[in-house]
Amino acid sequence: MNQILGQSDNPVDVILADGNPIVLAAMSEILENDPRFSLVATSATAEGFFATALRIPVQVGIIDWNLPSLGGAKLIEILRDNEKAPRLVVYAEDSGDLPRLAMTAGAAAFAPRSSSPQKLLDICMDVANGKMVFPFLDVRELQTDPIHQLSRKERVMLDALSKGLTNRELAKELDISINTVKFHLSNLYDKLSVKNRAQAIAFFYSSRLALEQKGPDGIPR
């Protein structure tokens, strides 16, 4: 269910999505009472947010990580290659490695639900001004990680590649032609600075191992 709201030219335009109706109502009121923002629309689902974001371009989107039914991670992935998509702030419980997962997926910021509403609004302003905001994480480190620079299609390709699939199997798995597979693999190798699939797979697993060896705060265990 979506609700389209009024908007102004001067404040930062925002779309808000949360599966909890109480949180959705409370956050809507907070945003509407802050003159820095114009709440353009609300949604209770990832699909509703996606449809509205494509129809009404805004600067910032605030989403719950566990949005029904696609989920926050999938929503971020399908929006990240769209030039008109809003920059996304994940507003969720700060549990485990969630801030890093949100960052890796392509979000612009993570705001813990345990923080004050004012903190969330300040983070939204930072995001509107082009900043990335994540607690306890070195944003510069991930920005220089080649895997973070991959497009959504290239990430899917790398993940499928890590399963040991041949080009023909990759084409079938991703429902694309073998020539398209070769094209994406060539781009993938260039971005990772590797020469072949064996090196790409090794890079993938070494990067994942490095991530697993860090705690939730981003500090090596």
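Where a number appears in this text, it was derived from the coordinates with a stated rule and is not lab data. What you see is a predicted model, and the numbers here were worked out from it, not measured in a lab. FYI the Cβ positions are ideal-geometry reconstructions off the backbone, even for glycines, and counts take in every protein chain you see.
Share of antiparallel DSSP beta bridges in the range 1-108, in percent to the nearest 5?
Given both bridge residues lie in the range 1-108, the antiparallel proportion sits at roughly 20 percent.
Across the range 85-91, coupling constants 3J(HN,Hα) worked out from phi with the 6.51/-1.76/1.60 Karplus curve, θ = phi - 60°, read 5, x, 6, 9, 10, 8, 10 Hz, and Gly and Pro carry x.
Note on the range 146-212: dipole from Cβ charges, positive end direction compared against Ile201, Leu150, Asn179; the farthest Cα belongs to Asn179. Taken along the Cα-to-beta-carbon direction at a fixed 7 Å, the label points for Gln118 and Thr166 span 6.4 nm. Less than 5 angstrom separates the built amide H of Phe37 from those of Val12, all sequence-distant by 5 or more or on a different chain. Among the listed pairs Lys74/Lys172; Lys119/Lys153; Lys84/Lys153; Lys84/Lys191; Lys74/Lys131, which have their C-alpha atoms separated by more than 27 angstrom in this model? Among Lys74/Lys172; Lys119/Lys153; Lys84/Lys153; Lys84/Lys191; Lys74/Lys131, the Cα-Cα distance tops 27 Å for Lys119/Lys153.
Each peptide among 75-81, 151-157, 10-16 gets the average number of other Cβ atoms lying within 10 Å of its residues, and from highest to lowest they stand as 10-16, 75-81, 151-157.
Considering only Ser38, Val90, Ser69, the residue lying farthest towards the positive end of the dipole of the range 25-111 is Ser38, judged by Cα position with unit charges set on Cβ.
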